[in-house]
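The values are calculated or read from the model by the stated rules, or taken from the named source; none is laboratory data. Predicted model only: the values in this text are computed from it and were never measured. Don't worry about glycine lacking a Cβ; one is built from the backbone with ideal geometry, like all the others, and counts go over all protein chains shown. Ligands, DNA and RNA are excluded from the accessible area calculation, which covers all protein heavy atoms including side chains. Shrake-Rupley method; radii C 1.70, N 1.55, O 1.52, S 1.80 Å.
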Amino acid sequence: MASTPPHCSITGTTKPYHNNPYPHSHFKNHRQTHHQNPHQRWTANQRVSLTKPPLPPSSRNAPKPPATTAAAATTTTHHPQIHPTFPSLQSPKSELASDFSGRRSTRFVSKLNFGRPRTTMGTRHTSVAEEVLQNVIEYGKDEGALENVLLNFESRLSGSDDYIFLLRELGNRGDCKKAICCFEFAVKRERKKNEQGKLASAMISTLGRLGKVEIAKSVFEAALIEGYGNTVYAFSAIISAYGRSGYCDEAIKVFDSMKHYGLKPNLVTYNAVIDACGKGGVEFKRVVEIFDQMLRNGVQPDRITFNSLLAVCSRGGLWEAARSLSSEMLNRGIEQDIFTYNTLLDAVCKGGQMDMAFEIMSEMPAKNILPNVVTYSTMIDGYAKAGRFDDALNLFNEMKFLCISLDRVSYNTLLSIYAKLGRFQEALDVCREMENCGIRKDVVTYNALLGGYGKQCKYDEVRRVFEEMKAGRISPNLLTYSTLIDVYSKGGLYREAMDVFREFKKAGLKADVVLYSAVIDALCKNGLVESAVSLLDEMTKEGIRPNVVTYNSIIDAFGRSAITESVVDYTVQTSQLQIESLSSGVVGEATKSLLADREGNRIIKIFGQLAVEKAGQAKNCSGQEMMCILAVFHKMHELEIKPNVVTFSAILNACSRCNSFEDASMLLEELRLFDNQVYGVAHGLLMGYRETVWEQAQSLFDEVKLMDSSTASAFYNALTDMLWHFGQKRGAQLVVLEGKRRQVWENVWSESCLDLHLMSSGAARAMVHAWLLNIRSIVFEGHELPKLLSILTGWGKHSKVVGDSTLRRAIEALLMGMGAPFRLAKCNLGRFISTGSVVAAWLRESGTLKVLVLHDDRTDQENLRFGQASNLQTLQL
């Protein structure tokens with residue numbers, strides 16, 4: 001090939017400062033004990049005490065009284081006129097009303113009001129300004145009354161500084177209308193352009209903090225027209241306003257336009273545009289370019305600069321870049337604060353580096369920076385997403401011990417953990433605790449309950465919670481509908497899924513990648529691969545970009561190779577798979593609307609058909625399916641969608657179902673071009689090049705160790721299944737022993753019992769051989785075996801046919817084939833038992849060792865002919 005594709009690795013916010021009532025030494029010792037004794041922890045059966053310990057009298061963590069709100073303003077038809085393009089204003093709201101309306105988390109409010117130094121130039125207003133403020137609040141009921149107040153005090157007010165004080169204080173109270181009236185009054189009476197510019201900058205900044213970005217834009221444009229807006233401060237203020245509201249592109253355009261006005265950005269400007277990039281999801285590379293430009297222009301960064309850069313890293317989980325930025329701050333002598341640490345922790349947690357995050361959190365008290373509710377919530381959420389629920393619950397108990405009050409984010413995270421664990425009584429206790437604290441259940445709360453009940457197949461509870469949600473006037477969002485469709489589809493309740501989709505369409509919401517992925521996954525699970533690919537094609541035509549989850553479902557479906565047959569007749573027949581047409585084009589708005597309507601009808605028909613028809617029966621994977629998988633992988637690379645460990649597992653599972661060694665080896669050979677570390681290891685082990693790739697395999701296993709337990713076990717299961725399937729049994733055993741050594745499967749091994757739960761067929765069989773060899777060594781060392789030996793497989797409680805365990809049947813055949821004296825226990829059909837003396841006698845027999853030692857069917861020399869590059873990439877799907 002002309003070029004080698006890039007490596008695709010499978011590894012894929014602040015609150016008010018809390019001065020927590022505990023000494024540093026206690027926190028340090030408590031954390032060190034927790035870290036040094038990983039086995040002495042609360043287990044997943046632990047319950048977080050929801051009763052708050054009494055706060056010490058001197059605690060500064062106690063809830064603060066609500067901020068004083070402005071007097072209720074009467075409704076008026078008058079609107080202040082500053083510029084013809086100003087939109088009409090709503091009636092004044094309380095100071096934090098908009099922030100707690102349900103659309104913003106308490107974390108957002110904390111970033112809005114705390115953790116950053118104020119940009120004011122100090123308190124240069126006079127006491128008269130404070131008197132005017134009280135009169136404006138009390139008597140400025142409408143525009144005329146407010147103007148009379150200002151006229152009465154006009155001669156006593158001391159220029160722009162007093163008016164700027166009024167603007168900011170009214171903004172802090174959420175009284176946008178009165179602030180604009182004051183601004184209009186002041187700017188008309190001010191003669192000096194530079195003073196008018198100060199007023200405009202303050203007004204834009206105030207509107208930006210209130211989220212009134214369109215009005216801020218109008219003020220900025222009017223100031224430019226009138227000749228007093230051509231200042232660095234006005235430009236910085238509008239950039240900040242755009243950034244706060246998520247209008248990143250507009251912020252960058254204004255920033256780039258400064259040079260046309262002969263303005264040089266200052267520190268405030270650079271901080272504003274970097275912050276806007278962080279909120280708008282701009283790529284880190286672009287933000288670094290702005291930072292480099294800042295340094296070239298001689299502007300030195302401060303703490304706010306680095307905190308904003310860390311926020312960019314946080315959004316993408318760029319933990320390595322975040323660590324480098326933290327080190328750079330220290331090298332420059334810039335003091336770090338609670339916002340620095342919370343944002344750094346967020347980046348590290350999103351990058352899956354939980355042990356590193358733990359160490360970072362542990363060092364905070366030594367720097368006199370005490371973790372607050374955001375710190376803990378970030379860590380807890382990271383542990384939960386990594387599947388480390390014990391660690392997450394430990395931190396919740398630590399929060400309670402330290403008298404740190406939980407916020408909405410913390411409660412929802414705790415509830416989500418209990419729901420995922422199936423511990424619904426505790427989850428409901430969390431709901432009650434929230435309500436007792438005055439925190440209403442929101443859409444995030446209900447989504448967690450719906451997902452938890454769905455995973456436990458408690459469909460009656462799913463219906464009840466959804467109805468309760470609607471009765472409480474909590475509007476379902478896209479994730480709600482996607483969760484319900486996914487839950488019902490996986491449970492085979494296609495009629496219910498169809499009803500949910502109809503309700504979704506009625507709500508007027510636009511389908512996103514999550515909802516489409518749920519439908520595509522349902523089709524794939526039922527063997528309707530062609531319909532799934534056709535839906536994927538339509539999805540991209542609507543401008544919705546698929547993600548790695550979408551493609552993983554398609555790859556897994558090709559690997560299962562069910563009958564690919566459409567369930568409905570479409571207006572445009574899909575007689576062949578359309579992988580090549582998956583890239584989205586430019587579609588007009590009218591066409592998009594027609595596509596959306598047609599797609600909605602198609603999905604409803606698909607669910608209707610699934611409700612009355614059975615899916616195709618699975619068959620072995622063939623060379624054609626291998627080519628389809630390769631085509632999908634090529635498409636992912638073309639769209640720059642990064643494959644993950646689930647992609648890897650799905651591909652290896654497809655190889656395990658393939659009867660052709662040549663097809664499987666050629667597929668892995670091709671995928672090596674995309675990621676030699678991952679697929680090179682799999683290919684090398686399959687080909688018998690174990691000695692060559694084992695060191696590389698160790699590096700791969702190190703990466704997998706950082707993942708959650710279910711993802712890691714899926715990786716080891718898929719790799720060992722493929723190796724066992726193609727006769728590389730010694731390689732499969734070495735891989736599974738690596739998994740045991742790295743504790744991928746908990747409590748898997750003891751002298752008396754081998755627990756094979758959560759292991760695949762190939763991994764379990766390789767493990768049985770290793771375990772029997774281990775107890776054989778015990779016998780030959782002269783030790784006695786335990787009186788009773790057990791091998792646990794499970795009896796098939798969760799199998800499609802209850803009681804029919806595929807793993808149990810595989811282990812039963814293995815034991816019989818090697819002549820091992822184990823039998824099924826009468827009281828437990830998922831348990832093989834034998835006495836220690838009988839097994840010891842069998843192990844001493846001369847032919848037993850030969851049966852137990854595994855070998856690879858292929859070695860280096862036998863597979864030289866497969867070392868050449870294949871022609872699989874030239875085959876068309």
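Only residues that are part of a helix (DSSP H, G or I), of a type outside the set (A, V, I, L, M, F, W, C) and surrounded by fewer than 22 Cβ atoms within 10 Å (Cβ to Cβ) were counted across region 140-161, and they come to 7.
Of the residues making up region 426-449, those that are of a type in the set (A, V, I, L, M, F, W, C) and within 18 Å of the chain's Cα centre (by Cα) are Val443, Val444, Ala448, Leu449. For region 714-740, a residue qualifies if it is farther than 10 Å from Leu652 by Cα and open to solvent by 20 Å² or more (accessible area, probe 1.4 Å), and the qualifying residues are Ala714, Trp724, His725, Lys729, Arg730, Leu734, Leu737, Glu738, Lys740.
Residues in region 671-698 that are in a helix (DSSP H, G or I), farther than 20 Å from His855 by Cα and open to solvent by less than 10 Å² (accessible area, probe 1.4 Å): Leu671, Val678, Tyr679, Gly680. Scanning region 221-244 for residues that are open to solvent by 20 Å² or more (accessible area, probe 1.4 Å) and either part of a helix (DSSP H, G or I) or closer than 19 Å to Ile274 by Cβ (or both) gives Glu221, Leu224, Ile225, Glu226, Val232, Tyr233, Ser240, Tyr242, Arg244. Candidates Ser257, Ser327: the one that is polar (S, T, N, Q) and under 27 Å from the mean Cα position of the chain (by Cα) is Ser327. The C-beta contact set for region 180-192 (first residue part of a helix (DSSP H, G or I), second residue of a type outside the set (A, V, I, L, M, F, W, C) and open to solvent by less than 40 Å² (accessible area, probe 1.4 Å), distance under 6 angstrom, 6+ apart or interchain) comprises Ile180/Pro80; Cys181/Pro80; Glu184/Pro80; Ala186/Tyr163; Val187/Gln196.
Scanning region 451-475 for residues that are crowded, with 16+ Cβ neighbours inside 10 Å and either aliphatic (A, V, I, L, M) or in contact with a strand residue (DSSP E or B) (Cβ under 6 Å, 6 or more places away or on another chain) (or both) turns up Val462, Val465, Met469, Ile474. When restricted to residues that are closer than 29 Å to Gly559 by Cβ, among the basic types (Lys, Arg) and modelled with pLDDT of 90 or more, region 741-781 contains 1. Taking the criterion of being in a helix (DSSP H, G or I), surrounded by fewer than 24 Cβ atoms within 10 Å (Cβ to Cβ) and aliphatic (A, V, I, L, M), the only residue of region 379-391 that qualifies is Ala384. Restricting region 782-819 to residues that are at pLDDT below 90 and assigned to a helix (DSSP H, G or I) leaves a set whose member that is farthest from the chain's Cα centre (by Cα) is Arg809.
Filtering region 289-308 to residues that are in contact with a helix residue (DSSP H, G or I) (Cβ under 8 Å, 6 or more places away or on another chain), closer than 19 Å to Asp256 by Cβ and among the hydrophobic types (A, V, I, L, M, F, W, C) leaves Ile290, Phe291, Met294, Val299.
Taken over region 286-311, the residue count meeting the criterion of being in a helix (DSSP H, G or I), open to solvent by 10 Å² or more (accessible area, probe 1.4 Å) and either touching a strand residue (DSSP E or B) at 6+ places or on another chain (Cβ under 9 Å) or not aromatic (Phe, Trp, Tyr) (or both) is 10.
Listed conditions (1) under 22 Å from the mean Cα position of the chain (by Cα); (2) at pLDDT 85 or above; (3) open to solvent by 70 Å² or more (accessible area, probe 1.4 Å) are all met by Glu283, apart from (2).
Going by the structure shown, is Val572 over 30 Å from Cys658 (Cβ atoms), open to solvent by 50 Å² or more (accessible area, probe 1.4 Å) and either of a type in the set (A, V, I, L, M, F, W, C) or at pLDDT below 80 (or both)? In short, yes. So in region 351-378, with the set limited to residues that are among the β-branched types (Val, Ile, Thr) and part of a helix (DSSP H, G or I), which one is nearest to the chain's Cα centre (by Cα)? If we take residues in region 351-378 being among the β-branched types (Val, Ile, Thr) and part of a helix (DSSP H, G or I), then Thr378 is nearest to the chain's Cα centre (by Cα). Condition first: more than 26 Å from the chain's Cα centre (by Cα) and either assigned to a helix (DSSP H, G or I) or closer than 22 Å to Leu449 by Cα (or both). Can you find one or more residues in region 542-559 that meet it? Yes - at least one qualifying residue is present in region 542-559.
For Arg315, state whether it is basic (Lys, Arg), modelled with pLDDT of 90 or more and open to solvent by 10 Å² or more (accessible area, probe 1.4 Å). So Arg315 does not fit the description; no. Residues in region 501-511 that are assigned to a helix (DSSP H, G or I) and surrounded by 22 or more Cβ atoms within 10 Å (Cβ to Cβ): Phe501, Phe504. Could you please find all residues in region 450-464 being of a type outside the set (D, E, K, R) and within 24 Å of the chain's Cα centre (by Cα)? Matches in region 450-464: Leu450, Gly451, Gly452, Tyr453, Gly454, Gln456, Cys457, Val462.
The single condition from (1) at pLDDT 85 or above; (2) surrounded by 21 or more Cβ atoms within 10 Å (Cβ to Cβ) that Phe401 fails is (2).
The residues in region 255-277 that are under 17 Å from Glu214 (Cα atoms) and open to solvent by 20 Å² or more (accessible area, probe 1.4 Å) can be counted, and the count is 0.
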